[in-house]
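A short write-up of the structure that comes next.
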Amino acid sequence: MRVSVFGLGYVGCVSAACLAGKGHEVIGVDVNQVKVDLVNDGKAPVVEERIGELIAEVVDSGALRATRDVREAIMNSDISLICVGTPSEPNGSLCTTYLERVTEEIGAALAERGGSGGRHTVVFRSTMLPGTCANLLTPILEKYVGGTAGVDFGVAVNPEFLREGTSVRDFFDPPKTVVGELDPASGDAVLALYEGLPGEVFRVPVSTAEAIKYADNAFHGLKIGFANELGAVYRALGVDSHQVMDVFLADRKLNISPAYLRPGFAFGGSCLPKDLRSLVHAAQRADVSVPILSHVLPSNSAHLERAVELVERAGKRRVGLFGLSFKPGTDDLRESPLVELAERLFGKGYDLRIHDANVSLSRLLGANREYVETRLPHLAQLLADSVDEVLAHAEVCLVGTRDPDVLSALPHGGEPLLIDLIHLPDADTRRTEPGYMGLAW
Ligand code: NAD
């Protein structure tokens, strides 16, 4: 199929590259010239496992190219996937500005395209609250196109379930495929994109598809908060929470998936916090009381506070932090709990050095470099290129990454002191050693 992908961020560039890798003819569209140039040069605009090689390969073969020209993309494609950001507004509500803008632009281009080249289908992959497609975006398309959705053009919602860090793998082996279809032909067009991929397919109404994504993210946040609270209580009671969870999770009769149920560090990233925030905001606006959901983010903040307390308890001023992105294997810093932790320590006057192999100034690309330079200049100056530099500086080290280079360099025996934020692979050995403190044990 001929596919346009709007938004070349984490979701869009992975979708574009993987669809091109699957044999589709893909045009990526972004307003950011840096991202467009990077893709056309065969380079990934984000750090993700396997994405660099894949983009180089599909750009080289001509299966993927990028542009800023919406009209040109729409004229040369049968289906558009919209992957623009939907961040939180300051009051917690969902920001739909980018979605509205791109929908207007696509609508205007579709009006020009008319019936030529067959019916075009517009597919929303961005996370958006139930009703956004039907009540906000479809009317915009109908207004610009001057036609009827489901008749003159297709509309579908196809939420994304990839996990940053392993998103290319997740694309080719998805946990499930959800298609919210306005009409069967719209759903057929989406499913033709993924033909041959494993996993169960669910065809549902558009607002159900929108709602499923929030169910997933709210539950992930709830599981992480649950595991971390248990970890904290059991640590205080001198009980090994990981042993508890091993047994808890072995109980397959209750069908518990172990994902997100290991005590570790606080969650973050560009999805879980903002999706929980907008879900709670939507519930409040609808006058629905959601005490469990509204306490997931405060529980997460309390966990971060426990990490700050451990540093205070260590009683040292020179602190090293390993890991800064919101999770290992990505360079995404948005709402990273490690950034939050670094800022708390920086604000308390600790003498901090930070190492994250994906976030060193020498490696950071376009948008992320800009993010660090404009939003985190105070942390940018603390970034160290080498693990040894941080170890030489620190009296106490916080470890929030599983980067093998960091793990193999970490000393044993108490100098520097070690605060394990994530339950390191060798935590069982380390916790018998002097100078080890585990947040998740
Ligand atoms: P992102 O911020 O990394 O990327 C969004 C991109 O859209 C940016 O490159 C921006 O320049 C571009 N853009 C904005 N307006 C545009 C326009 N008018 N035309 C073309 N491009 C435009 O966002 P992301 O992390 O990829 O997330 C995108 C959506 O997918 C969000 O709704 C998010 O909640 C959802 N989602 C994200 C993940 C994830 O792991 N990051 C997973 C599942 C779902």
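Remarks
- Nitroxide proxy distance, nm - points 7 Å out along Cα→Cβ at Glu53 and Glu309: 4.5
- Point-charge dipole on Cβ atoms (K/R +1, D/E -1) for the chain, about Cα centre, debye to 20: 680
- Inter-part distance, region 96-120 to region 276-355, computed on C-alpha centroids, equals 39 Å.
- All other residues whose Cβ lies under 13 angstrom from that of Glu25 are scored, Lys and Arg at +1 and Asp and Glu at -1, for a net of +2.
- Spin-label zone in region 282-306 - amide nitrogen under 13 Å from a point set 7 Å from the Cα of Arg344 along the C-beta vector: 298-306
- As a proxy for reagent exposure, His393, His295, His423 were ordered by neighbouring Cβ count within 10 angstrom, fewest first; the result is His295, His393, His423.
- For the chain, built as a Gaussian network whose Cα springs stay under 10 Å, the top-fluctuating residue of Arg203, Arg285, Arg402: Arg285
- Rg/Rh (Cα only; Kirkwood hydrodynamic radius) as it applies to region 2-204: 0.94
- Environment charge of Ser88, counting only residues whose C-beta is closer than 14 Å and scoring Lys/Arg +1, Asp/Glu -1: 0
- Computed P(r) (all Cα pairs; region 1-120; 10 Å bins; percent): 15, 44, 31, 10, 1
- Helix-only mean residue ellipticity at 222 nm for the chain, each DSSP H run of n ≥ 4 adding -39500 (n - 2.57), per residue, nearest 500: -13000 deg cm²/dmol
- Cβ crowding within 10 Å, taken as a proxy for footprinting-reagent exposure, orders Ile422, Ile106 from fewest neighbours to most as Ile422, Ile106.
- Given charges at Cβ of Lys, Arg, Asp, Glu: the chain dipole, positive-most of Ala307, Ile292, Pro328: Ile292
- Relative compactness, region 242-438, computed as alpha-carbon Rg over 2.2 N^0.38 Å: 1.10
- J(HN,Hα) series, region 151-160, from Karplus relation 6.51 cos²θ - 1.76 cosθ + 1.60, nearest Hz, glycine and proline x: 10, 7, 8, x, 9, 8, 10, 9, x, 9
- Charged side chains reduced to their Cβ positions (Lys and Arg at +1, Asp and Glu at -1) give region 242-438 a dipole of some 520 debye around its Cα centre.
- Bins of 10 Å, starting at 0 and running to the largest distance - Cα pair percent for the chain: 4, 20, 28, 25, 15, 6, 1, 0
- For Glu25, Glu309, the sequence from fewest to most other C-beta atoms within 10 Å is Glu309, Glu25.
- Tilt relative to the chain, helix 184-193 - C-alpha long axis, 0 to 90 degrees, to 10: 60
- Once C-alpha pairs closer than 8 Å and six or more residues apart are averaged by separation and normalised to the residue number of the chain, the relative contact order reads 12 percent.
- Rounded to the nearest Hz, the phi-derived 3J(HN,Hα) couplings of region 377-386 under the Karplus curve 6.51 cos²θ - 1.76 cosθ + 1.60 (θ = phi - 60°) are x, 5, 8, 4, 6, 9, 6, 10, 6, 10, where x marks glycine and proline.
All of the numbers you see were taken from the coordinates with simple rules; none came from a lab. This is a predicted model, so every value here is computed, not measured. So basically every Cβ, Gly included, is an ideal-geometry build from the backbone, and we count neighbours across all protein chains shown.
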